[in-house]
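Below is one structure, written out as structure tokens, with a few remarks after it.
The values are calculated or read from the model by the stated rules, or taken from the named source; none is laboratory data. Predicted model only: the values in this text are computed from it and were never measured. Ideal geometry is used to build each Cβ from the backbone, glycine not excepted, and the neighbour counts take in all protein chains shown.
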Amino acid sequence: MKTFFLTLIICFTACIAFAEPDLSLQEKIEQTLEGETVLLEPGVYAGPVTIEKRVILDGKGQVTIDGLGKKSVLILKADGIIIKNLTITNSGDSHDRVDAGILVRSSKNQILNNKIENSLFGIDFQESHKNIITGNEISSKKNVKLGLRGDGIRVWASHGNVFRKNLIHDSRDMVIWYSNDNIIEENKGWNNRYSLHFMYAGGNEVRRNSYHHNSVGIFLMYSRDIILEHNVVRYSLGGTGVGIGIKESDNMSIQNNEIVYCSTGIYFDISPYQPDKYNFIKANTVAYNITGINFNSTVSRNIFKGNAFIDNLNTLSVNGNGVATGNHWEGNYYSDYEGFDRDRDGYGDFTYNHDIYLDTLWMDNDWMLLFHGSPVISVINLLAQLAPISEPRRLMTDLKPVFSPKSPVLFSKANLKYDPPAIEIEDDDDEDMPARFASDDDDEEDEDMPARFASDDDDEEDDNRQNKNDNYNRYYFKQ
């Protein structure tokens with residue numbers, strides 16, 4: 001019997017000694033058939049890893065991929081890959097190389113329920129379309145200053161993607177650049193710089209997101225045709241704290257959002273940009289901010305309907321000694337409205353005028369806000385209103401202010417309805433163009449071009465380039 005057990009022990013030891021070492025994650029992926037699931041045992045696998053075939057990588061909550069501080073942890077180069085239930089950590093720290101937890105260079109992938117941590121960039125998309133990104137928790141490198149972190153999600157020239165129910169915190173931004181027709185909904189973001197930042201983007205939809213304790217909630221730059229609905233933005237504080245910012249952007253639909261406890265609720269900078277476009281700001285609650293609405297200069301064609309401006313320190317400010325009378329204000333509620341509703345139709349009996357007296361002190365000098373609300377300044381401001389020694393500056397007028405924030409007319413369909421007039425722009429005649437800009441012949445022949453620059457394929461290349469621009473950058477317009 002002893003001899004039998006001794007023989008068994010020797011055989012078992014020999015089997016261990018001569019067994020093949022466990023395969024690396026890269027080898028497991030390469031041995032997996034197209035469309036199949038990579039078989040993973042619970043544990044930690046070393047990255048970086050590149051996936052160049054359509055496979056499923058499912059960690060089932062028990063697998064960690066550690067990039068060991070080398071470049072991006074996972075690189076997706078094939079369409080239709082599924083990455084789910086993994087912990088992905090420790091990317092490299094190069095901004096130039098865009099070291100990320102997941103680097104996506106393909107389309108129609110699914111990235112589901114992963115935890116991406118201690119990675120410079122979370123998920124980076126470049127010319128990657130129709131991906132689904134759901135239920136991930138993303139954070140950047142630890143103990144790194146805000147400006148030096150990478151973006152939680154970075155989207156460049158990528159269209160038709162869905163970002164849903166992700167948690168993005170302690171990173172830099174979520175940026176959507178040169179990207180159209182994406183859906184961003186039910187995400188949460190905190191302790192970031194910009195929770196959501198658009199540039200040169202169009203046709204995107206942003207719904208039911210919650211952003212708090214960021215420098216900026218949502219910022220729209222050089223973009224158009226974006227829908228913002230049912231979002232909550234809170235505690236965007238600091239000198240540059242903005243709930244929603246709009247810069248040189250057109251045809252924005254900003255409705256049913258809640259912007260509270262921010263330095264500035266909604267900020268406008270040369271928006272709308274095109275002379276025949278509007279922006280629509282309807283049914284939003286803008287409350288308890290230092291400034292409810294701030295215009296960087298005098299702009300027009302913003303439509304304010306059915307909004308509730310509640311207990312902001314300043315309801316409205318316009319920099320540069322400007323006014324906001326060129327915008328349409330109608331059917332909004334203002335907590336500083338001084339009037340009655342004697343006929344009980346839900347609207348105040350008198351027009352709401354926003355005149356400023358001593359307020360000009362802190363509109364032109366932020367440091368003067370230190371004295372806002374002090375007894376002396378309050379008395380002087382009251383006296384200026386009772387017996388003004390100069391004409392006050394009227395920033396805006398609302399002819400039909402809503403009397404109560406609880407009035408059913410505030411968010412009613414009739415109160416929110418507004419059809420802006422079409423604006424016709426006359427084309428400039430070529431004959432009026434200065435000579436230095438005029439062309440002698442718009443249809444110059446190739447034979448006039450020096451031989452070293454001529455190409456038989458120029459027309460075909462131009463057509464291909466135009467087709468690509470039409471498909472992928474139809475919302476981009478040269479500023």
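Before moving on, here are some points about what is shown:
- Of all residues in the stretch 94-104 being in contact (Cβ under 8 Å) with a residue 24 or more places away in the chain and surrounded by fewer than 17 Cβ atoms within 10 Å (Cβ to Cβ), the one that is nearest to the chain's Cα centre (by Cα): His95
- Options Ile176, Ile246, Ile218: the member that is more than 17 Å from Ile281 (Cβ to Cβ) and buried (at least 24 other Cβ atoms within 10 Å of the Cβ): Ile176
- Residues that are buried (at least 20 other Cβ atoms within 10 Å of the Cβ), hydroxyl-bearing (Ser, Thr, Tyr) and more than 18 Å from Leu313 (Cα to Cα) are absent from the stretch 288-296.
- Residue within the stretch 410-421 that is farther than 16 Å from Lys282 by Cα, in the same structural domain as Asn307 (by TED's automatic domain parsing) and modelled with pLDDT of 75 or more present: yes
- In summary, strands (runs of 3 or more DSSP E) completely within the stretch 302-347 and bearing 1 or more residues that are more than 24 Å from Asp276 (Cα to Cα) occur at 308-310, 314-318.
- Here the strands (runs of 3 or more DSSP E) wholly within the stretch 241-282 that include at least 2 residues being hydroxyl-bearing (Ser, Thr, Tyr) and more than 16 Å from Asp225 (Cα to Cα) are 264-269.
- Qualifying positions in the stretch 59-77 - on the phi < 0 side of the Ramachandran plot and assigned to a strand (DSSP E or B): Gly59, Gln62, Val63, Thr64, Ile65, Asp66, Leu74, Ile75, Leu76
- Filter result for Val162 (crowded, with 19+ Cβ neighbours inside 10 Å and outside the structural domain of Gly238 (by TED's automatic domain parsing)): no
- Test: Arg224 is in contact (Cβ under 8 Å) with a residue 60 or more places away in the chain and not aromatic (Phe, Trp, Tyr): yes
- Within the stretch 152-186, the set of residues being over 20 Å from Leu228 (Cβ atoms) and of a type in the set (Asp, Glu) comprises Asp170 only.
- Among the candidates Lys115, Lys77, residue that is within 23 Å of the chain's Cα centre (by Cα) and farther than 12 Å from Pro48 by Cα: Lys115
- Some residue of the stretch 186-195 being under 12 Å from the mean Cα position of the chain (by Cα), assigned to a strand (DSSP E or B) and more than 18 Å from Ile168 (Cα to Cα): no
- Odd one out for Thr134, checked against (1) free of Cβ contacts under 8 Å to residues at least 40 places away in the same chain; (2) among the β-branched types (Val, Ile, Thr); (3) surrounded by 24 or more Cβ atoms within 10 Å (Cβ to Cβ): (3)
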